[in-house]
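Below is one structure; the comments refer to it alone.
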Amino acid sequence: MGSTHSTPDEIAWVNMSYLAAKLTAFPVAAWLTTRLRAATLLPIAVSGLLAGSLACAGTNDLGQLILWRVVQGFSGALLLVVGQTVLFEVFPPSEQGTVQAIFAFSTVMAPTTLSPILQGWAVDNYSWSWVFLSNIPLCLVGYIAVLALPPLPATRNPSKRFDWVGVIFLAVAMTAIVFVLQEGSRHNWFDDLEILELTVVGLLSFLAFAAWQLFRQNNGALVDLATFKDQHFGFGFLVSLVAGFALFGSAFIIPAFSMSVLHLSPTYAGMLLMPSGATVGIGLLVAGVLIQLKGLAPVKPIPFGILCFMTAMWLLSGSTSASGLPDMMPALLLRGFGLGLLFVSLTLVTLGDLRGSTVPHGVALFNFGRQLGGQIGIAFLTTYLDHQVALNRTILSGNIAAGNQLLVERQQAIASLLTDRGYETEQATVAATAVIQEALQGQVATLSFNECFLSVSLLFVFAAPFLILVKVGLGKLMPHADKTSVG
């Protein structure tokens, strides 16, 4: 805000523009992937990320920063969709377990474990522009990787026209929805007229987009609805929403707890997630090896991964204001292992049976669901945290009402201690009150974050019955689907 001379409402668009562009670009990237070669699209995506990173690092103009964040969002979506599609095309199904496990290192572990510490270190020691400059060596490595790309099949549908109407509908919908999810908590949601209006605009635009895609199915629609004919994909898409909620929600609330309650710096808050990166990798590899080498059905590690994640968040719900890394480490390691098991298995369940042109569409929608679920998770936890802070403050404030004998004794004890250390009597009394108020705020924050941890743990308890009903319903609607691949 200082560098760009912006208000909090204005600077929020730096993040919202990126997210809206990325969500809009996922279907566009799938459409391009079915018409252009990966050897053409990947350099474009890497170049967009490189140009966007350099431009963001080199400007203090808010308008330019937002524009280049849009370029970054589109390029990131294109890189993700094309890259994962290439892996499904180059490697046979028998090798996808290990391949997708390695790929998930970059899509799951990096943004939720490595990025927070690197970004916190950059902000603490240099400036926010280094967050963007750190992308440059990665982009250069990306160019080298493109040179090693093997020959791939020719384009599939080169004659279809681009669906500009669909893009406009989707862009309006995603911009409005992202704004509502990001800013709703700050403006008390639907008590604010702007949030209410944008919610209506977002929902109507998304419905218009869905209707337009149905109309354009045989004429180059952005979303190939044939992808949903695979019952495993439909089920996996819904699970990806819930998993995205859990992944990004927990990655948001853990550093927030460490900075707000434990008063850690951004660097150390990021380091709190670092150890779990190792167990994420272990979980990914364990699931990948079991599926590929032992022939384990991809769906079987998912319940165990969910159980590990739920247990980890339940353990974190018992944290205190005096908790340290040794106290939180078991839960963080267990969380990482559970996420590793969950995401590689979920990827194979959702995308493993897709073939041909449905692969890039499936990849795009799967990642769209995870990203959107993550935004919903962060919005929910932000709102729930605010609500619980207000509730817990009201409840605990009853213990410091005037005339409470325990309160009086505590004030006198603190004031006496301060007087012994050189404070004047009047100053000591005021300072004692401030100490008690600070302790109250600390306990309010601790209880509120613990309730957020518990809510994430209980997420799958409430979601599981719905997902099971969906799975059963899809099985009855499409009984011809091959059920052996998911056990």
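The values are calculated or read from the model by the stated rules, or taken from the named source; none is laboratory data. Being a predicted model, the structure only gives us computed values, none of them experimental. A quick note on method: Cβ atoms are made from the backbone with ideal geometry, for glycine too, and the neighbour counts reach across all protein chains shown. These area figures cover heavy atoms from the full protein model, side chains too; ligands, DNA and RNA do not enter into them. Shrake-Rupley method; radii C 1.70, N 1.55, O 1.52, S 1.80 Å.
Details
- In the range 212-326, the alpha-carbon atoms span a convex hull of 164 Å³ per residue.
- Accessible area per residue for the chain is 46 Å², calculated with a 1.4 Å probe on protein heavy atoms, without ligands, DNA or RNA.
- For the chain, relative contact order (Cα pairs under 8 Å, six or more residues apart, normalised by length) works out to 21 percent.
- Over the chain: Rg over Rh, Cα atoms, Kirkwood Rh: 1.01
- log₁₀ of I(q)/I(0) at q = 0.31, 0.32 Å⁻¹ - the range 17-57, Debye sum with one point per alpha carbon: -1.05, -1.06
- Using C-alpha pairs under 8 Å with a sequence gap of at least 6, the mean separation divided by the residue count of the range 192-298 gives a relative contact order of 10 percent.
- Relative contact order of the range 1-151, taken over Cα pairs closer than 8 Å and 6 or more residues apart, is 31 percent.
- Rolling a 1.4 Å probe over the protein chains gives Glu438 an accessible area of about 130 Å².
- Label-point separation, Asp191 to Tyr126 (7 Å along Cα→Cβ), nm: 4.2 nm
- Solvent-accessible area, 1.4 Å probe, carbon plus sulfur percent, for the chain: 68 percent
- Over the range 207-252: Kirkwood hydrodynamic radius from C-alpha pairwise inverse distances, Å: 12.4 Å
- Total lysine pairs in the chain at Cα distances under 24 Å, for residues eight or more apart or on different chains: 11.
- Mean projected area (nm²) of the alpha-carbon convex hull when the range 276-421 is viewed from all directions: 13.3 nm²
- The Leu214 and Ile168 beta-carbon pair, evaluated with R₀ = 22 Å, returns a calculated FRET efficiency of approximately 0.85.
- Using the rule -39500 (n - 2.57) for each DSSP H run of four or more residues, divided by the residues of the chain, the 222 nm mean residue ellipticity is -26000 deg cm²/dmol.
- If R0 equals 51 Å, the separation of the Cβ atoms of Leu67 and Ser416 corresponds to a calculated FRET efficiency of about 0.25.
- Compactness of the range 1-146, taken as the C-alpha radius of gyration over 2.2 N^0.38 Å, stands at 1.12.
- Span-like helix ranges in the chain, DSSP H, alpha carbon extent 20 angstrom or more, Kyte mean at least 1.0: 38-57, 62-90, 164-183, 193-215, 231-260, 274-293, 301-316, 325-351, 425-477
- Spin-label model, Thr311 to Ala39: label points 7 Å out along the Cα-to-beta-carbon direction sit 4.9 nm apart.
- With the simple model of a label 7 Å out from the Cα in the direction of the Cβ, Leu396 to Val435 spans 1.7 nm.
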